[in-house]
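Working notes, beginning with the structure itself.
The values are calculated or read from the model by the stated rules, or taken from the named source; none is laboratory data. All values derive from a computational prediction rather than experimental measurement. Neighbour counts run over all protein chains shown; Cβ positions are idealised from the backbone, glycine included. Ligands, DNA and RNA are stripped out before the accessible areas are found, and what is left, the full protein with its side chains, is counted by its heavy atoms. Shrake-Rupley method; radii C 1.70, N 1.55, O 1.52, S 1.80 Å.
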Amino acid sequence: MTGTEGSAAGSGCREGGTVSRASFLKDVFLCSLGAYGGPEAHMGVFLDQMVVKRRYLDEEELIELIALCSLLPGPTSTQTIVAIGHKTGGPLLGLLTMIVWACPVLLVMTALSFLYQFLDMLDISRSVLRYVGPMAAGFIAVAAFRIGRKVVTDRVTALLLLFGAGVTFFFRNPWVFPAVLLSGGAVMLLLRGEQGMWHRAEASPPWRYLVLFLLFAAGGAVMREGGFLPAELFERFYRYGYLVFGGGQVVVPLMFSELVEARSFLTGQEFLTGYGLVQGLPGPMFSFAAYAAGMAAREGSIPFQALTAIAGGVGIFLPGLLLIYFVYPVWNSVREIRAIRISLRGINAAAGGMIAASAALMMGAAGFSGENLAVFGATAALLVSGKIPAPLIVAASLAAGALI
């Protein structure tokens with residue numbers, strides 16, 4: 001499928017029109033500009049731009065993709081938007097989506113790895129960024145409301161939504177997220193208990209992507225032994241990319257343990273400075289890998305440091321990209337099995353609860369002060385009105401943090 005064969009943009013998207021590759025990638029870029037606050041907040045941006053405004057897919061399709069990507073290791077929001085690109089225009093558009101989505105923040109984080117002493121003097125987190133948290137919570141709350149209306153169809157799905165919200169709120173270990181989703185699907189299957197739910201579906205898995213995934217895993221481990229720093233860090237970040245579920249926040253403890261405590265590639269303060277900076281930038285939090293890898297090579301030449309930063313950035317995103325390329329075409333086939341469709345109702349309801357819990361958690365982290373509640377409420381109101389684009393809402397929150 002080419003870039004002009006997918007769903008159409010704008011009001012004609014669901015009615016059989018066409019969409020140009022450039023138009024779709026422009027929308028991806030707008031998503032990257034507004035994607036603050038981690039994978040949960042990114043989903044709110046996707047819902048606003050890709051579903052409500054452009055209608056490349058509907059709410060149910062988006063929540064299914066979120067659920068699918070949450071079950072896979074790797075950067076959840078990146079895999080989700082790559083899957084949207086794959087759905088709209090095939091593998092090539094999926095790859096271009098990945099580049100447009102991740103490259104801007106990767107380039108910024110690579111540049112910041114050269115500017116540590118200057119950045120250490122900046123007080124970004126206590127001024128410009130102080131309203132980003134409640135703003136992101138507003139994005140998530142609106143997404144949870146819209147998705148909740150879609151996935152709650154009866155008492156069972158309502159209870160599963162509450163189950164997903166409660167478990168996610170109180171237990172945030174990496175294994176909890178896929179366990180909650182699988183539990184929602186299993187409950188729905190057990191309650192329905194229909195005969196003939198399972199039947200054969202024709203599927204042709206693109207095995208080449210799984211083979212590449214395994215070859216990079218094995219080859220990286222071999223290259224690491226050669227003592228070439230970019231190769232070693234590529235292997236490390238590739239491994240981080242397939243060992244964690246849920247996005248950048250989950251991988252940070254593993255990075256800190258290996259890069260700071262075990263190998264001393266960075267000091268603790270350097271690590272925390274970079275992590276604080278990436279919190280204030282739009283785009284995927286896995287981009288922190290470019291900063292960390294670049295800092296690890298800061299004793300070398302500028303080209304060597306840039307090469308190492310690129311190796312870290314590519315390494316951490318590559319496994320998630322290969323996995324979604326392998327799984328998504330299979331998903332499009334197996335999701336038509338009756339049992340899968342039934343289980344998806346439970347999975348989607350549980351995932352809606354997880355997103356709702358994320359809004360509460362992020363708002364709690366920001367603090368329930370009067371000004372934060374005002375930012376939260378204003379963000380939600382503007383999103384519901386649909387009159388102000390998401391990037392402008394983000395820009396306004398940053399301007400308010402700098403001026404007030």
Practice task
Out of GLY352, GLY364, report the one residue that is out of contact with any helix residue (DSSP H, G or I) (no Cβ under 8 Å at 6 or more places or on another chain), within 24 Å of VAL45 (Cα to Cα), of a type outside the set (A, V, I, L, M, F, W, C) and in a helix (DSSP H, G or I).
Solution key: GLY364
Handout entry: Qualifying position, being modelled with pLDDT of 85 or more and either open to solvent by 30 Å² or more (accessible area, probe 1.4 Å) or in contact with a helix residue (DSSP H, G or I) (Cβ under 7 Å, 6 or more places away or on another chain) (or both), among SER301, SER358
Key = SER301
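Rundown of residues vs (1) open to solvent by 10 Å² or more (accessible area, probe 1.4 Å); (2) within 19 Å of THR76 (Cβ to Cβ), yes/no style:
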{"site": "ALA296", "(1), (2)": "yes, no"}
{"site": "VAL314", "(1), (2)": "yes, yes"}
{"site": "PHE317", "(1), (2)": "no, yes"}
{"site": "GLY320", "(1), (2)": "no, yes"}
{"site": "ARG341", "(1), (2)": "yes, no"}
{"site": "GLY353", "(1), (2)": "no, yes"}
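Can you pull out the residues in segment 327-339 that are aliphatic (A, V, I, L, M) and either surrounded by fewer than 18 Cβ atoms within 10 Å (Cβ to Cβ) or not in a helix (DSSP H, G or I) (or both)? Spell out how you get there, then give the answer.
Restricting attention to segment 327-339, the residues satisfying the condition of being aliphatic (A, V, I, L, M) are 327, 330, 334, 337, 339.
Once the filter is applied, which keeps residues that are aliphatic (A, V, I, L, M) and either surrounded by fewer than 18 Cβ atoms within 10 Å (Cβ to Cβ) or not in a helix (DSSP H, G or I) (or both), segment 327-339 yields VAL330, VAL334, ILE337, ALA339.
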Exercise for the section: Answer yes or no: is there a residue in segment 105-112 that is at pLDDT below 85 and crowded, with 21+ Cβ neighbours inside 10 Å. Expected result: yes
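Answer yes or no as to whether ILE324 is open to solvent by less than 50 Å² (accessible area, probe 1.4 Å), modelled with pLDDT under 80 and of a type in the set (Val, Ile, Thr). Lay out the reasoning, then the answer.
Numbers: open to solvent by less than 50 Å² (accessible area, probe 1.4 Å): yes; modelled with pLDDT under 80: no; of a type in the set (Val, Ile, Thr): yes.
Criteria not met by ILE324.
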Exercise for the section: Name every residue in segment 22-36 that is closer than 16 Å to LEU281 by Cβ, in contact with a Gly (Cβ under 7 Å, 6 or more places away or on another chain) and part of a helix (DSSP H, G or I), in order of residue number. Expected result: SER32
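Let's see how each residue does on (1) open to solvent by 60 Å² or more (accessible area, probe 1.4 Å); (2) more than 24 Å from GLN79 (Cα to Cα); (3) modelled with pLDDT of 70 or more:
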{"site": "LEU210", "(1), (2), (3)": "no, no, yes"}
{"site": "PHE213", "(1), (2), (3)": "no, no, yes"}
{"site": "ALA217", "(1), (2), (3)": "no, no, yes"}
{"site": "VAL222", "(1), (2), (3)": "yes, yes, yes"}
{"site": "GLU235", "(1), (2), (3)": "no, no, yes"}
{"site": "GLY241", "(1), (2), (3)": "no, no, yes"}
{"site": "PHE245", "(1), (2), (3)": "no, no, no"}
Exercise for the section: Evaluate the following for LEU93: is it under 29 Å from TRP331 (Cα atoms), modelled with pLDDT of 85 or more and crowded, with 24+ Cβ neighbours inside 10 Å? Expected result: yes
